[in-house]
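Notes to accompany the following structure.
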Ligand code: C2O
Ligand code: CU
C-alpha cells in the first residue's frame, strides 16, 4: 500500500528511535471529585506543549485535554454515572464524542445534530451512565481531522464490577501517528484532498501515550498484563507483533470476546478501534523483546521494546486459564428476524465516480471535487458540518437489523456506528468465528462485512469511516432510530 514519503523528521530519528533510557510513559489519571457511584471531571480543551519526540527535539505545540497528550485517562466503574464538564479554550468550536459508549443521543457530541457546538470560551456538561465495562476513548467531533490530529483525545476505561482474576497490572497504550516537521512541530495541510482520496493522513512519527517510546516498556518476568490498545491515529492502521510472546485478545472495542490468539499472531487495530490483550511476560529477567508494527508491507518498524527488569515477579506467569470477561448488557439481535439493509461504500482514488447526492442534490464528480468530497455511502456524500442530512436508513426502535456493508473502493475503511455496539456476524459471506461485538468494523478493500444489532438507542446517529480524512471527504451517513 503506498504511503506518501514525507519531507519530515526521518524515520530513523523518530520512529526507529535512539537509545535514550525513557520508559513508555503512563497516561495520567483524570482528577476525580467522586462521590461513591459517580464521578465529576473537569476537562479543558486547550493548546499545550508535549514532548512527543523527546530530547533532543523541542516540544511540540499541540491541542490537548488539559493541554496534555493524551488527555487524562478517565476511569469509572461499570454502572457509575460520569459527569464531565468541558471548557473550550481552543481557537475553534468543539465537542466531545464518547467513542464506543452507548450514551443517550443528547450526550453523543455531534455538532448541529445532537448538540450545538461549544464556542471558544464556552462550557458543556456531559453526563451519562457507564453501562458497559471496557476500553473506550473520547475525542472531538468538530473538524476531527485537525482536532484529533493535533492531540485532542484521551482514553476512558470502564472497570468491570468485579476485577478480572489473575491480572497483575492494567496498562493502556494510546497509539497515535503524527506528521512532524524537522523542528518537531505538527505539519499543516490537514484535509489535503489528494490524501483524502487515498490512505488519509499517514504521518512519520508514532507515539505511545504521547511519546516516541524510545526506552522500552518495563515489565517483570512472570507478570500477567492486561494491555488496552487504543488507536487514536487519523488514518494509520496498526498491526502489532509481540516477538517471543503470545498475546491473547480478550475484548474488542470494549466488548468481551472469547479469549483467542490474534490471526497470524498479529494484533490489528484500525483507527478508532480498541483491542484488550492479556499478555503473559514469559521472558527471563533482563531480556528484551521487540514489538513490531508490520501492518504495511515493507514499511515495518519497531514500535518499542519490552524490557524485563532484573527482579522477576514470580517464576512464571499464572497458569490459570484466561477467563472470558463478563458480558455487557448489549441486547442480542434476532438474526432470523433481522431486517437486512445493503450499505455500499464507494468513491476514492482508483475508482470511477459519476457523482453523488450531497444534501439531497446530485453533484457530478467535478462539483464534488470542488467541495473536497470524494467518498460515498449508498451514493450519498455527507459533508461534516453540513446540516441536516437525510438518513441512510430509518430503524424501528428495539427491532433487529443486519447491515450488509460492501466496500467497493480500493482502500480499507474502519466504519464506526455511534450509539450502538454491533455483532460482526460475517465477512465476505462467511460467518465469523467469534461473532465479535464492535463499534468500528475494519473492512479491507473490495471486501464486505455483515453487522447485526438491536436498534435500542433512539436518536440520530452518525455512521462514518474513522479515517478522519475519509469522514471529512464524504464517507459518512446518518442512521435514525425512531
Ligand atoms: Cu470516534 Cu464519530 O467517532
Ligand atoms: Cu475510510
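Where a number appears in this text, it was derived from the coordinates with a stated rule and is not lab data. Owing to the predicted nature of the structure, the values given are computational and were not obtained by experimental measurement. Positions of Cβ are backbone-derived with ideal geometry, glycine not excepted, and every protein chain shown enters the neighbour counts.
Points worth noting:
- Segment 135-191 gives an Rg/Rh value of 1.14, both radii derived from C-alpha positions and Rh following Kirkwood.
- Per-q log10 I(q)/I(0), the chain, q = 0.10 Å⁻¹ (Debye; single scatterer per alpha-carbon; no solvent): -0.71
- The calculated FRET efficiency for residue 410 paired with residue 354, based on their beta-carbon distance and R0 = 25 Å, is about 0.90.
- Paramagnetic reach from residue 435 (point 7 Å along Cα→Cβ, amide N under 16 Å) across segment 326-369: 327-339
- For 138, 153, 296, the sequence from fewest to most other C-beta atoms within 10 Å is 296, 138, 153.
- Using a Förster distance of 22 Å, the FRET efficiency for residue 185-residue 92 (Cβ separation, nearest 0.05): 0.75
- Antiparallel DSSP beta bridges within the chain, as percent of all bridges there, nearest 5: 70
- Overall form of segment 339-481 per C-alpha gyration tensor (a/c, 1.5; a/b vs b/c): oblate
- Label zone at residue 324, where the point sits 7 Å out along the Cα-to-Cβ direction: segment 211-228 residues whose backbone N lies under 11 Å: none
- Against the empirical curve 2.2 N^0.38 Å, the C-alpha radius of gyration of segment 24-170 lands at a ratio of 1.06.
- Structural descriptor for segment 425-482: relative contact order 30 percent, calculated from alpha carbon pairs under 8 angstrom and at least 6 residues apart.
- Segment residue 81-residue 299, length gained on full extension (0.36 nm per residue, minus Cα span): 74.1 nm
- Segment 70-147, relative contact order [Cα under 8 Å, separation at least 6], %: 42
- Tensor-based shape of segment 218-367 (alpha-carbon gyration tensor, a/c under 1.5 rounded, otherwise prolate or oblate): oblate
- Segment residue 119-residue 161, extension gain: residue separation times 0.36 nm, minus the distance between their alpha carbons: 11.4 nm
- Extension gain for the segment residue 112 to residue 310, taken as residue separation times 0.36 nm less the Cα-Cα distance, is 65.8 nm to one decimal.
- Rounded, prolate or oblate (a/c below 1.5 giving rounded, otherwise prolate when a/b exceeds b/c) for segment 384-449 by Cα gyration tensor: oblate
- Each residue, residue 290 and residue 337, gets one label point 7 Å from its Cα in the Cβ direction; the gap between the two is 5.4 nm.
- Percent of Cα pairs exceeding the 16 Å cut-off, where the set is segment 285-330: 66
- Which of 176, 334, 280 has the fewest Cβ neighbours within 10 Å, and the rest in rising order: 334, 280, 176
- Averaging the Cα positions of each part gives two centres, and for segment 83-130 and segment 206-235 these lie 28 Å apart.
- Evaluated over segment 286-396, the Cα radius of gyration and Dmax, each in Å: 24.8, 67
- Look at the alpha carbon pairs under 8 Å that are at least 6 residues apart: their mean separation over the length of the chain gives a relative contact order of 15 percent.
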